[in-house]
Every structure is written in structure tokens, then in C-alpha cells.
Amino acid sequence: MVSLESSVPSLSQPADLGEIRRRGRELFCLSFLALFLELMVIRWAPSVVRLIAYYANLLLISSFLGLGIGAIVGKTRRSLFGWFPALLLINILFMLIAHFVTMPSAASESRFYAPTPALVRYVCLVGIFVSNAIVFVPLGQRIGALFEALPALDAYSWDLGGSLVGTLCFGLFSLKYFSPTVGMGFVTLMVILLLPRRQWLWGIPLLGLSLAGVYFSVSPNAFWSPYYYITVAEQGSKQFVREPHPGLRTMDDPPMYNVRVNHYFLQYHGTFDPSRYSPQNRAEILSSRMQYDLPYAIAPAHRRVLVLGAGGGTDTQVAVLNGAEQVDAVEIDPMLVKISGKFNASGIYSNPKVRIHIGDARAFLRRSPGGYDMVLFGFLDSQALFSSMANIRLDGYIYTVQSMQSAFRLLNDNGVLSLSFMAGHDWLARKLVRMVALATGQMPTIYESQGQVVICAFRGGHPDPPPRYGRFVRTDFPAGDNLSDAVAPTDDWPFLYLSSKTIPADY
């Protein structure tokens, strides 16, 4: 432990070898701490402030901004590191307060569950950016001061080594067992060891409060996937659970489970087999299942089916219930498949007709030999960015013209490509239709109901689709409407959720 309250020896006044090594080890620990904490904040923040999932790259920028500002003032005599516990607590408290404020959405961009823009929401977003940046200033200053006190090559070696080890350790921690409480506890321990002893009296209580804030910010019954903070509750209940109802696979009238990511609904996990329900509940199940049955009602054949974005297994189970003999189910999030294994009463992923593939849908499309009667795009409505270093969403390269072309090529001569989406905006529905039209060379068949669109493109001959299927009405675009005003997303511009080629106002 060392304090940089006093001036740091300059390079013209070299310290002895033991002092150089001691400072090098301290620089290693600080670089490790900076990278570990930065990744912790990026991972944890969306579980507290729901729409930070759409701004993870801004947290990355603010973290590096704070480190850079700290390094610039690193030559000053007065150390700021003693302020770190207080600044960390302020940042966490601000996050907890902002939990009750829904983050904004620009008018030109579609975000799930996002309200119209408002000044207070933008103020909160800027406040999160600033408070997060300030946390990293003391770390950056102390790292900068140590750079001044060490030979340049030694300083870069220790700094790079600490950064790499911090990144690798967090990656392993996040992959094997992520817990924000455990992660923040580790950060707290490192800061205590780096703080001068005379600052323990007030630093340790502040760090303890920060740790408590992180602990109470998330549910102990939550699941952490590589992409989301996930909670599960029985439909109609607000109590989060980690275990399903006993006898779920065999009981009559099994419950549906509501799966949420970052506090908002993502999908249901449960069986849609009407034989599992009593007559009074059967009609409701069949009505809910209608949106999944529609493609099979108009497809000439569906013996082999590919489901992209399989999630909890609803699309996969409906394919089997409609007579599919082989279903390839592709899902990028392994935790959703594990949760389905627990909470889906059908146990669909254990069905011998189903082959589950954990991975990216585009990668699967590239290596698949094809031969499908139907390629079905489920609800790949991602609610997170592809990474903290991008402003492309997780499903960005799924909804492109090239992706649709790859899927269409996998169909048999009389196969069907089907895409279902909760569009919400007219311009978003038009973009989806234009994307499929450009990829397949035909105007697809479109059904609409309450903001949801089902888009089907046929390869080869097929019967004339009915004008209505339950609550879904077949929509024909006016004659001469070529959708030229709708900008279809491509691999060169994979932004389905932007209305046009623009930069959202909030950015």
C-alpha cells in the first residue's frame, strides 16, 4: 500500500530497483482494477437502469474519459484516490435513483418499451454518463502518476499486463458465474488494499454502502445470461422464482412463466399443447397460439423446419404440433435454453424431433446444407447492443437483405420463409416488407393484427393464402406501392430500428 500524497520522484531521480518493482506492482493492480470495474459497470448497469442496455457503449466511453482526465492531471501533487469510495457510492446511488426513470428514445429510432423523449430522461442519461466518468478519474490520476515515476517501458508493461489480466479475469468470471455482488465485493477488497491506512476509517464504510447498494439492486432469484439480467415469474405473479412448479411436465393446466430481461417482458415459457389444458382454458391457449400457427396454415409442407431465435421453445413446439418431423432450433442465448428446460411444461428441447443449436443465426445460415420446408424467423427482438463497443443491436445482422437471401436459399422448391415481428411503427413494418421483397424478388404475403406483422415469401407453387386467419388480416399494399421510401437494412447498414439513414437525436 502506498500513498501518492507526496510528490512522485521524477525520472531524473530514479528510485532503487525494489521501489520500481513495488510501484510496478501497484500500477498492475490499478490497471487490473480499472478494467475489471469498467466491465462490471457495463454488465451491471442495464439490470438497474433498463434502457442502459441501449447505451452500453456510452458507459465504455465515459469510463475511458474518466481515466483519460485522471491521467492528464496525474502530475498534480494532491492525490484524488482517497475520494474514490465516495465517488463510487455517488455513482451507484445515482443509478438506483435513475431506476425509476425510463430512459428516452429518439423519434427516429424504435426501442422496446421506450416512451417519448422528455428532458428529465435526458438529464438522467447525461447524469449517469458524468457520474460514471468521475469514478474513474482517481484511478486514472494514480495510474498517470505512476507512469511519471517509472521508466516508460516498465510502466507500459505493468499497465498492459494489468489491463489484459483484468479483462480476462472478468471474462472468465462473467462466463462461469456472474454476480454483481461478488464482483463489487472483489473491487471493494482491492480498493481497501490500495487505500492508505489512515483513510480506512471513512473509506471502508463508504465502500460497504456501495456494496450494499449493488446487492439490493438485483433479485437473488435472477439468472444472468451473456446478454441479459433475466427474471422469471409465474404468469399473474410478481414473485421471481428459480424453480418451477412441482410436476410441471405432467400436470394438467400447467402454468405459463413470464420471462423478463432487464425488467421488461421478453417471452413466455410454457406449453401450447391444448390437450394439456381443461376445456375452460383451452380456448385461451389456442387463441394465443394463433400467431405461431399462421405460417403452417398457408405453407404447402412443413416436414423439416428451421427456427431462428428459438428462445424458450414456443415456435419449436408449435412446429412439432403442426406435424414437423425435424426441427433445427437456433438460439444465441444459452441461458434462455436452460431456463426453458426448467420452466417450459412441454420440455420441447428434449423432444427427439428437435435439434438445438446454441450460436449466432447468421453463422448457422452459412454452414447449413439447407433442404428445409420452412425457415421461420421467431421474435428476435433483441433488447441489447451487440457489444459495449458498438451501436448495433444483437439482432442487427439477422434483419438484413443478405440474411434473408441466405435463409431463402435454404428452402426446398416449395418452401416458405416466414418472419413475425411486433412492429409498433408503420415505417418499421414497411422496412421489414421491403427487406424480404428485395431478398426474395417478390412481394411477400403479409398478415397484420394489433401491431404484429407476419410476412411470408414462397419458393415455387403454393395455394392462394386466405384473406383472414383468426384475428390476422391479409394486407395488400396499394397498386404501384414499391416501398421505395422504406430503407431496407443491409450488411453495410444493419440498422432495422432506425427509420432512415440518420443519427438518433440522443446520440
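Every number in this text was worked out from the coordinates using simple rules, so none of it is lab data. Small disclaimer: the values here were computed from a predicted structure and weren't measured. Note that each Cβ is placed from the backbone with ideal geometry, even for glycine, and that neighbours are counted across all protein chains shown.
What are the membrane-span-like helices in the chain by this rule: whole DSSP H runs, Cα extent along the axis at least 30 Å, mean Kyte-Doolittle hydropathy at least 0.5?
Span-like helices, by this rule, are 17-48, 119-149, 152-176.
Divide by every residue of the chain the summed helix terms, -39500 (n - 2.57) for each DSSP H run of at least 4, and state the resulting mean residue ellipticity at 222 nm, rounded to the nearest 500 deg cm²/dmol.
For the chain, the value works out to -14500 deg cm²/dmol.
Could you give the radius of gyration (one decimal) and Dmax (whole number) of the Cα atoms in region 118-175, in Å?
Considering region 118-175 through its Cα atoms, Rg and Dmax are 16.5, 51 Å.
Among the lysines in the chain, how many pairs, 8 or more places apart or on different chains, have alpha carbons under 24 Å apart?
So the count works out to 7.
Could you give the Stokes-Einstein D for region 292-387 in µm² per second, using the C-alpha Kirkwood radius, 10 °C, 1.306 mPa s?
117
What number results when the radius of gyration of the chain, computed over Cα atoms, is divided by 2.2 N^0.38 Å?
The chain yields a ratio of 1.13.
Specify the longest stretch of the chain that does not include any exposed loop site, a site being one of the GluC sites (Glu not before Pro) with a non-H, G, I, E, B DSSP assignment and at most 16 other Cβ atoms within 10 Å.
Result, exposed sites excluded: 6-324.
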